[in-house]
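Below you'll find the structure, written out as structure tokens, and then a few comments.
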Amino acid sequence: MRTKTPLSCAAIALLISANAFAANVTITERLIKSLPLDVGDSVWIDNPVGNIEVVGSDTPGLVATVMRTITGVDQAALKEGSEQTVVSFEGDRNVRLIRTILPHVHSDKWTSSVSYTLRVPRTVQVKIASRISGRIRVANILGNVTVTTFTGAVILDGVVGSSLVETTNGKVFYLYRQKPTATAQVQAVNADIDVILPPDSTFNWIADTLRGDILTNLPARAEFIGNAFRGSVNGTGGPTITLQTLLGNIRVLGIGIDVRLVQNVRQTVAERRSESPLLRPSKRIQLPISGGPFDFSASIADVEVGEVRGWAHVVTAAGEIKLGTVYGDCVVTTNGGPLDLGDIMGTLTASTDAGDVQVRSAREGGRVSTAGGIIRVLYNGGPISLQSGGGDISVRQAAGSVNAETRSGDISITADSQQRTQKFQAHTQQGNISITVGPRFAADIDATVLTSRPDANAIRSDFNGLTIKREQVNGKTKIHATGKLNGGGERVELFAEEGDIHISNATASPVTMGPP
Amino acid sequence: MSECDLMRESMPLLLTESLDPAQRELTHQHIESCAACGDEWLGFRETWTFLGSLPEVEPRAELRTRFLASIGENVTPFAPAKSRRYMRWLAQAAAVVIIAGSSYFAGHYRAPIRIEPTPASVSRYSIAESRVLPAAAVSPDIEGRPNIENVSFIDANPDDPDIGLSFDVTSHVTVTGRPTDKSMVRLLRYVLENENKVSPSRSRAIDWVRTMYSKPGNTDPEIAEALANVLRNDSHEGVRIKAVETLNRMPGSDSADTRQALMQALKSDPNPAVRIKAVEALVNLARSGVPFDAATLDTLRQKAVQGNENVYVRVKAAEALSSIHP
């Protein structure tokens, strides 16, 4: 059954106000509606924009107080907004559905919001769907409660039954008037989660946040599995309270317990088991100069240090890492995020599970890897190994040997103009290879292209002396060029699949960066 | 003297293949573009053909003796075959010259010559998969050494004297124009989207597109659309990374189609760098106030809470969500 109640007929217009100094006109209407609802019934509220308050009582039946507010640029917009913002009471005695119906797309000349205050029998089940709200509050309910919203504060006050809250932004606040007896689950993205409950509550606690802190002043025995904290409070047993937020904080506090006893669970556990960066509290570091070695690890952290006067060791679970000059060896590891590294005097070891890597200078060479991303090295003074799971690799001034490998992407290596010979290895499973060397560069060239284009002229060289052979291999054309440049020298081994190889002759120095 | 008159004077020489290549090409082009001269040329050809078909008549003995006596030469008889071919060609040429000369002088003395400027009509060169060209439209001069492959001969109608020669030709073409010229945009789009045909060039093309079309004033929705298609369909991870990076930097790439491609990349691209750049692009769109629909919000939310996703991607998805005000 579906009953639409046109507000214009039933409502009492309380306030029509027009601001003389602003063009907008606002109208607020109030509707009070009573419907039968039994103790075991359900109430569903679907309200995209506006506050919702559901309060349980011992009185049977449902009483809804609805405030509809329309704001328009003029009277016509106000009228249109009023017509297109419909409050609908649907369902039957068992399931009451109260919803606000808005067009998917509407004129930007008006906005509307609807606030609901519902008094319901405290034993009913409550289900709320919202998108934007200042506040959703459910109080004094014994039945199950489900709240889904995008932004706004969600307050569950004295909810005894099972509860599930899904939100993206905003804040979630649980207040237990008595010890929890049913499962509660909060899944948020950016929201902070606060749970306040009697100090003698016994429950299993799962807390999971990537960037936020996990704080409690209750006695908790716990361990981390991955980055999720799993523990029990006040002994074993009881319901499970699961609190997940990606970037927000989680606080579980006992009523009446000194807040100075609050501890960061992640920190205390990390002291015992420090192998996983996920367990470290997240931080944002911005430091112009580190006077000595720089050793840092955190779960999620954006790290930026201008100068490190010693070695550097940075480990994070995720985040951007930017180091300027490092006067020693440099080890940088992150599970995800771009790396921007400046002048590394010592050996460089840098790896990220995802993201681009940029290195201005690796004077002693080293090893750089990304599971997916572009690697750019402006200068390497020692042997360097570069590996990408997918993405281009470029070395602008190679004064040391280079071993570059990518699953998919172009590889470009320019030899330092002072180099007479150098060992280069480049391997791409899908992409082009470009090697630029000086006119007197000497090397033994071994270049191979495997292509499905039989007519491809895939190996080009500005130098004479290469012998090119073609053959068919597993339905593809293999083009193999060998020969000596300037009488021969270090081995230059190039392999490109579904791409081409170009060995070019450069006479000018490619970048201004010089060797140490 | 008008251009047409000059061309008509050249027609007999064109028939006898006596024009130099440049003049020959010029004459052919004019005939193609000028209906009157085209008719004239047809007349010349028909006459030429007709003359060629006339039976050879042996002169009577007394006529021959008188002719030889009149020129005062002791002519040794030619070999019959040579003599006949040469004489026939000479006769044809002479007849045509006489006809052309008569026409010219008749026209010349009948009316004053007016030089009418005729605007050159250059038809647009379209790049097509297959094209049929009349032989007259093709310059007989082959420049450079283009690769001509897959040659086949076609004689669709044996009763028709026309034949066909079909081939693939590879030549180096440079098309110039403004970045915003539709032809240039379409050509780039073709290069970007045709994975199989231009595989090694595609990543370079995207580099170039990024440089060129990131400049204000050069934006074109078709380029963004092409990059979105590359992001969706290209098997080459390095190319997809470049495509999404370019979309992120290119102004005006905030269409629903682009957002859709970014969402799809974020959802399912196997390369984490593509997902990172896709979510970064979405963060930028969110911060610039581009409205996101419910499906986009849902995808971002799912990505943020997806436990097996790279942490950085999850964090970026969460940051995008925190910038959105639905």
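Coordinate-derived values only; no laboratory data. Owing to the predicted nature of the structure, the values given are computational and were not obtained by experimental measurement. Every residue, glycine among them, receives a Cβ derived from its backbone with ideal geometry; neighbour counts consider all protein chains shown.
Summary table below
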quantity	calculated
Helix A:75-84 vs. chain A, principal-axis angle (Cα, 0 to 90°, nearest 10)	90
Estimated distance in nm for a label pair at B:Asn233 and A:Asn464, the labels positioned 7 Å out from Cα along Cα-to-Cβ	4.6
Pairwise label distance in nanometres, B:Thr170 with B:Ala295, each label 7 Å out on the Cα-Cβ vector	4.1
Computed E for B:Ser288/B:Asp162 - FRET, C-beta separation, R0 56 angstrom, nearest 0.05	0.40
Dipole magnitude (debye, nearest 20) for the range A:68-177, charges at Cβ of Lys, Arg, Asp, Glu	440
Environment charge at A:Thr421 (Cβ cut-off 10 Å; Lys +1, Arg +1, Asp -1, Glu -1)	+2
For the range A:372-377, Karplus couplings with θ = phi - 60° (6.51, -1.76, 1.60), whole Hz, Gly/Pro x	x, x, 8, 10, 10, 10
Packing rank of A:85-92, A:54-61, A:406-413, A:307-314, where each peptide gets the mean count of other beta carbons within 10 Å, highest leading	A:406-413, A:307-314, A:85-92, A:54-61
Two-site FRET efficiency, A:Gln84 against A:Thr181, from Cβ-Cβ distance with R₀ of 45 Å, rounded to 0.05	0.55
Cα centroid separation, the range B:122-194 to the range A:218-264 (Å)	73
DSSP beta bridges in chain A [antiparallel fraction, %, rounded to 5]	30
Partner lysines for A:Lys179 [C-alpha distance under 27 Å; skip if fewer than 8 residues away on the same chain]	A:Lys127, A:Lys171
Within-12-Å neighbourhood charge of B:Thr180 [Cβ basis; K, R +1; D, E -1]	+1
Chain A, relative contact order [Cα under 8 Å, separation at least 6], %	7
Relative contact order of the range B:182-322, defined on C-alpha pairs under 8 angstrom at six or more residues apart (%)	18
Protection proxy ranking of B:273-279, A:236-242, A:299-305 - average other beta-carbon atoms within 10 Å, highest first	B:273-279, A:299-305, A:236-242
Cβ-based charge dipole, the range A:278-505, positive-most Cα from A:Gly382, A:Gly336, A:Gln472	A:Gln472
CD proxy at 222 nm, helix term only [per DSSP H run n ≥ 4: -39500 (n - 2.57); per residue of chain A; nearest 500]	-1000 deg cm²/dmol
Added length on full extension, which subtracts the Cα-Cα distance from 0.36 nm per residue, A:Thr65 to A:Ala228	54.5 nm
P(r) tail fraction, chain A - alpha-carbon pairs more than 38 Å apart, %	53
Estimated FRET transfer efficiency when R0 is 35 angstrom, pair A:Ser452-B:Asp257 (beta carbons, to 0.05)	0.70
The range A:278-505: antiparallel DSSP beta bridges as a percent of all, rounded to 5	15
Cα centre as origin, Lys/Arg/Asp/Glu Cβ charges: chain A dipole, Debye	740
Distance (nanometres) between label positions extended 7 Å along Cα→Cβ at A:Arg491 and B:Lys215	4.6
Net +/- balance of residues flanking A:Asn190 in space, Cβ distance below 10 Å, scoring K and R +1, D and E -1	0
Within the range B:129-239: Cβ-based charge dipole about Cα centre, in debye rounded to nearest 20 (Lys, Arg +1; Asp, Glu -1)	780
Taking B:Lys242, A:Lys127, B:Lys316 and counting other C-beta atoms within 10 Å, the order from fewest to most	A:Lys127, B:Lys316, B:Lys242
